[in-house]
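Notes follow the structure.
The values are calculated or read from the model by the stated rules, or taken from the named source; none is laboratory data. Owing to the predicted nature of the structure, the values given are computational and were not obtained by experimental measurement. Virtual Cβ from ideal backbone geometry, glycine too; neighbours counted across all protein chains shown. The protein model used for the area step is the full one, side chains on, heavy atoms only, and it has no ligands, DNA or RNA in it. Shrake-Rupley method; radii C 1.70, N 1.55, O 1.52, S 1.80 Å.
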Amino acid sequence: MDVDNSLDYSQGEVRNHHRFYLARGDVVIQVEKALFKIHRHFLAQYSPALEGLFELFDNQVETRGEKDPVIMEGDSYRGWEALLGLFYRA
């Protein structure tokens, strides 16, 4: 059985997430080796902590991209996949 290592964002190079790197997203977040480009509205609406983080970066969030993502230390990409799956249903 072959395992698709390109979907394992716990190792390898930092790269765009296969599902949650959205062309019209307005914030890039790095979790492990995954880059998520998403709409900060969803996160800020449901998380006061992330809303506060975005307010700190408010002048920069629009210009922060994959070269300068918001890095979420200690989080797992699988947890973010599960969370974002609630907002962005296939």
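Summary of computed values
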item	result
Where a label projected 7 Å from the Cα of LEU86 along Cα→Cβ would reach, residues of the range 21-49 with amide N under 18 Å	38-49
Neighbour-limited loop hits for trypsin sites (Lys or Arg not before Pro), the range 14-59 (at most 12 other Cβ within 10 Å; DSSP other than H, G, I, E, B)	ARG24
Amide hydrogen neighbours beyond the local backbone of ASP26, cut-off 5 Å, H modeled	ILE38, HIS39, ARG40
Average accessible surface area per residue within the range 2-59, 1.4 Å rolling probe, Å²	62
Per-pair calculated FRET efficiency, R0 = 25 Å: GLU73 and LEU7 via Cβ, rounded to 0.05	0.70
In sequence order, calculated HN-Hα J values of the range 36-45 (Karplus, 6.51, -1.76, 1.60; Hz; x Gly/Pro)	9, 10, 9, 8, 5, 3, 4, 5, 5, 5
